[in-house]
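Engineer: Please read through the structure below; I'll follow up with questions.
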Amino acid sequence: MSVVTVQLGQCGNQVAHELLDVVWSDAQKKPSRAASCERFFHHNTHGELVARAVLIDMEPKVINQSLSRAAKCGRWRYGEDSHFSQKQGSGNNWANGYCVHGPRHRDVVEELVRREVERCDRLAGLLAMMSVAGGTGSGVGAYVTQCLRDIYPTSFILNHLTWPYRTGEVIVQNYNSVLTLAHLYQLSDAILVHENDTAHRICSQLLNIKHISFSDVNKVIAHQLGSVLQPALTADSHGVYSRNPLGELVSALACHPEYKLLSMCTIPQMPSSSIAYSTFSWPGLLKHLRQMLISNTKMEEGIDWQVRPPAGSGRSTSLTGSSFNTSLANLLILRGKDVYSAETGGFEDPALYTSWLSSKEAFSLWKSPVSFNKYEKSATLVSNSQALLSPLDDMVGKAWNMFASRAYIHQYMKYGISEEDFLDSFTSLEQVISSYRQLC
């Protein structure tokens with residue numbers, strides 16, 4: 001089954017390109033190569049490997065760069081009729097993207113997606129990749145997702161969102177983020193989030209990159225995504241690599257419409273030059289990953305080992321002030337040598353989960369004896385938990401403070417977004433925040 005990637009805006013196009021490169025590179029000379037390539041690529045009449053992707057941006061620069069990079073690499077390429085761009089962007093304004101550019105170019109975009117879908121023998125779902133900070137990725141991205149849901153009502157739609165730096169990339173990024181999330185929550189089957197701040201810290205503290213670029217950050221995100229989307233063996237696959245990654249991901253993690261936010265972390269992550277001199281054991285990797293989950297630590301560096309699951313009622317808090325991160329559902333993906341010997345019972349502990357869902361239903365495990373991206377052993381955890389509660393609350397709070405003083409509201413109203421639209425979005429996300437708070 002195949003996944004059609006819809007790349008939206010500058011960030012969405014750049015991250016998706018890195019993801020496709022990771023998928024191709026990792027799939028070479030592996031038994032799962034055919035299954036991996038079938039998911040994300042098809043062969044054209046010349047025998048070339050072509051990405052199952054649609055590239056959308058309101059400015060041509062990034063799309064032209066992506067097309068050129070893919071063609072020059074000689075490994076895979078984008079389709080000649082798979083992209084759409086204009087000469088004027090959305091000006092970092094969600095309303096401009098959602099109310100103007102989206103409706104204006106709806107027919108063209110829908111036709112591009114339809115062509116890619118029809119090339120699939122069987123469609124596993126649609127992966128829409130975007131940022132929430134700017135205007136095109138967020139505004140056009142939300143509108144395109146709405147169109148996709150109308151056209152493909154029974155298909156899985158997974159939105160991958162890149163959250164901006166908390167210190168700010170765009171003055172109105174919190175407005176754009178609130179409007180995007182509130183709309184996608186009604187449309188998407190699940191929303192997988194990566195935070196730029198976390199990826200940046202991984203580049204700095206784990207990969208020892210001195211001068212960090214957006215390309216470095218994107219590669220970290222793509223590595224983590226690739227570790228999830230590459231073929232693996234599930235509990236129900238009976239020794240055959242799973243063929244529907246989006247459906248199985250959503251089924252494992254998004255079991256309730258009120259809880260759709262997914263976060264992820266991967267270990268190990270280190271400079272390529274250090275891998276040959278490092279050894280990993282499954283007990284060590286899983287011990288660290290479990291503590292990262294319960295203490296809500298996004299990487300190995302700085303794990304709070306004081307946090308423990310609550311023994312009875314109430315939340316557990318460490319001496320450092322970190323509180324226990326309650327999960328609704330977790331998906332653990334193990335890849336590499338001796339994977340069948342890995343003991344994962346620590347992730348089945350009922351204390352990790354909300355009381356109204358049994359740990360057997362809440363925990364899923366995928367395995368593959370094939371190593372991933374040069375790591376002899378690697379583990380990735382995708383979690384539907386309270387991990388994103390703090391950044392979401394912070395984002396909504398900052399947006400509300402600006403809205404209370406009516407800052408920049410006129411810039412949105414001139415494109416057709418009213419104050420009531422803002423209030424509806426705030427109300428929607430406050431409900432999401434309340435629901436995640438009540439998990440404990």
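Engineer: Within the stretch 392-403, is there a residue that is under 23 Å from Thr198 (Cβ atoms) and without any contact (Cβ under 8 Å) to a residue 40 or more places away in the chain?
Structural biologist: Yes: one or more hits.
Engineer: Then there's this: If a residue has to be outside any loop (DSSP other than H, G, I, E, B) and surrounded by 15 or more Cβ atoms within 10 Å (Cβ to Cβ) to count, how many in the stretch 266-279 make the cut?
Structural biologist: Restricting attention to the stretch 266-279, the residues satisfying the condition of being outside any loop (DSSP other than H, G, I, E, B) are 266-267, 272-275.
The next check asks that each one be surrounded by 15 or more Cβ atoms within 10 Å (Cβ to Cβ); those that pass are 266-267.
Going through the stretch 266-279 one residue at a time, the tally reaches 2.
Engineer: Just to confirm my filter: which helices (runs of 4 or more DSSP H) fall fully inside the stretch 1-84 and include at least 2 residues that are closer than 17 Å to Ser215 by Cβ and either open to solvent by 10 Å² or more (accessible area, probe 1.4 Å) or assigned by the TED database to the domain that holds Glu116 (or both)?
Structural biologist: In the stretch 1-84, 9-27, 60-73 are the helices (runs of 4 or more DSSP H) which contain 2 or more residues that are closer than 17 Å to Ser215 by Cβ and either open to solvent by 10 Å² or more (accessible area, probe 1.4 Å) or assigned by the TED database to the domain that holds Glu116 (or both).
Engineer: Is it the case, given these coordinates, that Val117 is β-branched (Val, Ile, Thr), within 30 Å of Ala35 (Cβ to Cβ) and surrounded by fewer than 21 Cβ atoms within 10 Å (Cβ to Cβ)? Give the steps one after another, and end with the answer.
Structural biologist: On the way: β-branched (Val, Ile, Thr): yes; within 30 Å of Ala35 (Cβ to Cβ): yes; surrounded by fewer than 21 Cβ atoms within 10 Å (Cβ to Cβ): yes.
Criteria met by Val117.
Engineer: Now a separate question. Name every residue in the stretch 324-364 that is free of Cβ contacts under 8 Å to residues at least 24 places away in the same chain and of a type in the set (S, T, N, Q), in order of residue number.
Structural biologist: Ser355, Ser358, Ser359
Engineer: Examine the stretch 359-381 for a residue that is part of a helix (DSSP H, G or I), out of contact with any strand residue (DSSP E or B) (no Cβ under 6 Å at 6 or more places or on another chain), open to solvent by less than 20 Å² (accessible area, probe 1.4 Å) and within 30 Å of Gly247 (Cα to Cα), and state whether such a residue exists.
Structural biologist: No, the stretch 359-381 has no match at all.
Engineer: Taking the condition of being within 18 Å of Leu357 (Cβ to Cβ), more than 13 Å from the chain's Cα centre (by Cα) and either outside any helix (DSSP H, G or I) or assigned by the TED database to the domain that holds Ser358 (or both), how many residues in the stretch 244-265 meet it?
Structural biologist: 6
The values are calculated or read from the model by the stated rules, or taken from the named source; none is laboratory data. For clarity, every value in this text was computed on a predicted model and none was experimentally measured. Using ideal geometry, Cβ is built from the backbone for each residue, glycine included, and neighbour counts are taken over all protein chains shown. Please note that ligands, DNA and RNA were not included when accessible areas were found on the heavy atoms of the full protein model with its side chains. Shrake-Rupley method; radii C 1.70, N 1.55, O 1.52, S 1.80 Å.
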